[in-house]
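See structure below.
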Amino acid sequence: MTDLWSSLTQEAAAHLAALVRIDTTNPPGREKAAADYVAAALAEAGIQAEVVEPAPERGSVIGRLRGSGEADPLLLLAHLDVVPAVASEWRHDPFGGVTVDGEIWGRGTLDCKHLAAIWLTLLCHFKREGRRLRRDLILAATADEEMGGTWASSGWLTTASTSLRPPGASTRAEAGRCPSRGNLTSPTRPPKKPSAGSS
């Protein structure tokens, strides 16, 4: 178990460092490169994944590890965008993803690329292990959380992504709260971005 835990920790740390090195400062976002990274890692493990892009470079990724369907699917949620970082105010490059004294430094390590890396590692591990799941596990690593979620609203994602269309997904939110029952089926188009100076 110790060897497995160490291996999974290293795998998650590698994913986190790679995601931190992809600058997804919002605005402007440009999350598609990070979404493509997650999708490629999922696909390499043999997990169904898709990137949806409501506007150029504003990508979100949804991956689904199939279970038996005995229980409702569980949504594992994270976001890929980060708030701005002023490099001169950082001890280490905020987009360097460097490890110092056993800690990974960079924008997004705590909000919220760490969860994307953890969920990604978890799904890939279960797939490699051939774990029998009673429910589908859905990873949604989304764009635009830091600026209100216009380009990754749950309704729009549900409409755009075949992986999210089945109703009844429970949600594990980024804050680590207990799952709550939710429905991801209201189809809406993303609203227009507010103009500069509007509330």
Relative contact order [Cα under 8 Å, 6+ residues apart], region 24-145, whole percent: 38 percent
Mean Cα-pair separation over length for region 1-59, i.e. relative contact order, pairs under 8 Å, 6 or more apart, %: 30 percent
Carbon and sulfur %, accessible surface of region 68-137 computed with the full protein complex present, 1.4 Å: 52 percent
Order by protection proxy (mean Cβ within 10 Å, highest first), peptides 5-14, 138-147: 138-147, 5-14
For region 64-135, accessible area per residue (1.4 Å probe, heavy atoms of protein chains only), Å²: 52 Å²
Cα-based shape type of region 32-81, given that a ≥ b ≥ c are square roots of the gyration tensor eigenvalues and the cut on a/c is 1.5: prolate
Cβ-defined net charge surrounding ILE47, 14 Å radius [Lys, Arg +1; Asp, Glu -1]: +1
Shape of region 1-60, Cα gyration tensor, a/c cut at 1.5: oblate
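Per-residue counts of other Cβ atoms within 10 Å, averaged by peptide: what ranking do you get for 97-109, 121-133, highest first?
Top to bottom by mean Cβ count within 10 Å: 97-109, 121-133.
Checking the a/c ratio against 1.5 first, then a/b against b/c, what shape does the Cα gyration tensor give for region 78-121?
It is oblate, given that a/c is not under 1.5 and a/b is not larger than b/c.
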13 Å beta-carbon shell around GLY59, net charge (K/R +1, D/E -1): -4
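The values are calculated or read from the model by the stated rules, or taken from the named source; none is laboratory data. Small disclaimer: the values here were computed from a predicted structure and weren't measured. Backbone-built Cβ (ideal geometry, glycine too); neighbour counts: all protein chains shown. Surface accessibility is based on the protein's heavy atoms, side chains included, excluding ligands, DNA and RNA. Shrake-Rupley method; radii C 1.70, N 1.55, O 1.52, S 1.80 Å.
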